[in-house]
Structure formats: C-alpha cells, structure tokens
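Below is one structure, written out as structure tokens; comments come after it.
A short reminder: the numbers here are calculations on the coordinates, not readings from a lab. Here the structure is a predicted model, which is why all the values come from computation and not from measurement. Cβ sites come from the backbone with ideal geometry, for glycine too, and all protein chains shown count toward neighbours.
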C-alpha cells in the first residue's frame, strides 16, 4: 500500500515537471523537498518515479529528495533538535517532547539539457 | 545529441500537487457559495466510517439535506447501505487508487443534485495514510480511529492527526472488553496536534453521537454565516 501512495505522488510530480520543462528539453534531474508529515519514503518514491517516467523525456532523470526531519522541542528543558522520527525522548529525561513536522511537498528545481545552446 | 548541449538547473517554486490543489480550491469556493459544510472522513478499513454515516444520516433525516460521496475500491456496498438513509449518494470507484483526489470529487459533485444541500460527507477510501495529503475542497477533515485498531494508531499516523480538524474515536462501547489506553492515545494526539478535539463515540450504541451531531450543526451554521445558538 505505501508504494501505491508514492506512485500517485510520482505521477503528479511527472505532470508538474513536464509542464515546467522547456518544450523538447531532456530532463536530467528533479529536486523535491518533502516535509516529515507527508510520510513518504524517498526510495519508494524514486522507484515509482523511474516507473512513471519510463519512455518519457524525463526517463533516467535523477530524483533528488530533500526529506525534512521532525523538529523536536522539549517542554521541560527547552532543548530543540531534529529527528527522523516524531516520538523521541529528551536527554533530560522527558519522554514526551513535542514533534513538529512540515507538510510541504515542493518541486524545488529541474535540471535540463539545453539543446539549443 | 548536440555536443554543445549545456545542462541548466532551473529553480522552481511550486507544489507537486498543484493540479489537485487548484481543483480542490475551485470545489471549496463552489461549496462555500452554496452554503455546504463538507466533511472529508478519513479512517482505516473497518473503523466504522460507513456505520457512523448510517447512524448520522438517520439522526439528521428531515432536519438537514445531506449528500454523500463514497470512495470505494471495488464495490457499491457502502453506497447501497447509505442510500437507505439519503437520496443523494454517489459512489466513486477508485479501482486500484488508495485515496480520493480532487478531480474525482469534482466529477462526482457534477452528478449530484446540490439544490438545497447543506451538508456533504465525503467518505474517503479506507486508509490512514494516502488520503491525508490530497485536498478535496472539504471544509473540515475528520480523522477516525477505533478502539479495535489499538492505541498506537495516532502515533503511527502523524499526518492525519496533525491535519485533522476533529478526531473521532469509534467503538467506545467496546472499551470494557479491550485494553485500549485512552489517556495514552490522547497524549499522542495532543503532542502532534495540541488543539484538536477527540470525540469518543459509538456508531452502534449511539454514545457520543449527540456531540458529533452538534459539531456538524455548528459547522453548517459557520458555513452559512448563521449565529450559532
């Protein structure tokens, strides 16, 4: 089921990239940023990306994922740090620091071969 | 391939789901103009989404004019169950799709007579992960958990908890038979979303349904610009 989830995101991404790439340009790379809340697996997303772009001008384009971590704030000692998982204990002994995750899912950049040069 | 070809990095600023979000924004505008309070109901398979809607439609009969969109992978069973209580039920078959998208909702709404409708339920596909990130144009996102799923489900599904305007904890009538840690569940919820309300209810016994109906009534009043009683 999670892979199905990544598949629909990859399809939406391919549509966005195709809409923004110059006509006829070969897409070499795509950079996206994903907030921790989204719960997306970069490896699964890359696999789906390769599948949905097969046979398109985006085929072979490398998908670079900037997966943003959770921001953790300890209400007891005030320490702030980042974590790949939301529920973590603080070194001060507090077992329930508050996790804050972003829900961004942004296209950051695409890299294309400028064939007109 | 031109040997002179240069590789150019083009910075973009845009959402990956822009196309979905644009359609959702149109739907949200249309529903607001019509004075429709629209609920996107998200919960696991078997959490009791359809049972809750049956009980809700039964209680609203004659008092509200609801319409229901039902997302389901393969069958019409949910739609048939709800059609006994509501004459505006539209089935959205998602096939392999694990969630509803804004375009599917828009097409379904085009097939729905919205004349006089003040309440729209969108029963999403049974899934706690995929549906959360897809805006449908709803007024409120309601997340549904149930006691039989276990008390760790809020912690395991942070996006739904963080994005929800209201959380329902269904099958509360089974509490005496289960070891569900309600305090622990609520603590996880409020770490992720400090302001969201958790409403304990049972679609079967009716416990908590008055509060659920009152929440819906306040939502309709807010959308229609009425002063709540």
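A few notes on this one:
- Rough spin-label spacing in nm, given labels placed 7 Å along Cα→Cβ, for residue B:74 and residue A:68: 3.9 nm
- Across the stretch B:18-222, C-alpha contacts under 8 Å between residues 6 or more apart give a mean separation that, scaled by the residue count, equals a relative contact order of 25 percent.
- Shielding by partners, peptide A:105-113 (average Cβ within 10 angstrom, other chains): 6
- Counting only DSSP H runs of at least 4 residues, each contributing -39500 (n - 2.57), and dividing by the residue count of the protein assembly as shown, the helix-based mean residue ellipticity at 222 nm comes to -10000 deg cm²/dmol.
- The C-alpha atoms of chain A define a longest principal axis, and helix A:42-53 lies at about 20 degrees to it.
- Nearest 10 degrees, 0 to 90: helix A:2-20 Cα axis against chain A principal axis: 50 degrees
- Convex hull volume per residue, computed on the Cα atoms of the stretch B:148-216, equals 82 Å³.
- Estimated from the Cβ-Cβ distance and a Förster radius of 25 angstrom, the FRET efficiency linking residue B:81 and residue B:112 is about 0.90.
- Between the helical axis of B:18-34 and the longest alpha-carbon principal axis of chain B there is an angle of about 40 degrees.
- Kirkwood radius, the stretch B:18-222, all distinct C-alpha pairs, inverse of mean reciprocal distance: 17.0 Å.
- All alpha carbon pair distances within the stretch A:1-70 were sorted into 10 Å bins beginning at 0; the resulting P(r) in whole percents reads 21, 55, 21, 3.
- Look at the stretch A:6-12: the mean tally of other chain Cβ atoms within 10 Å of its residues' Cβ atoms is 4.
- Highest-fluctuation residue, B:93, B:47, B:146 considered, GNM on chain B with Cα pairs under 10 Å: B:93
- Placing R0 at 35 angstrom, the Cβ-Cβ distance between residue B:224 and residue B:18 gives a FRET efficiency of 0.70 after rounding to 0.05.
- Inter-part distance where the stretch B:153-202 and the stretch B:99-120 are each reduced to a Cα centre, Å: 28 Å
- Rg and Dmax of the protein assembly as shown, based on Cα coordinates, read 22.2, 74 Å.
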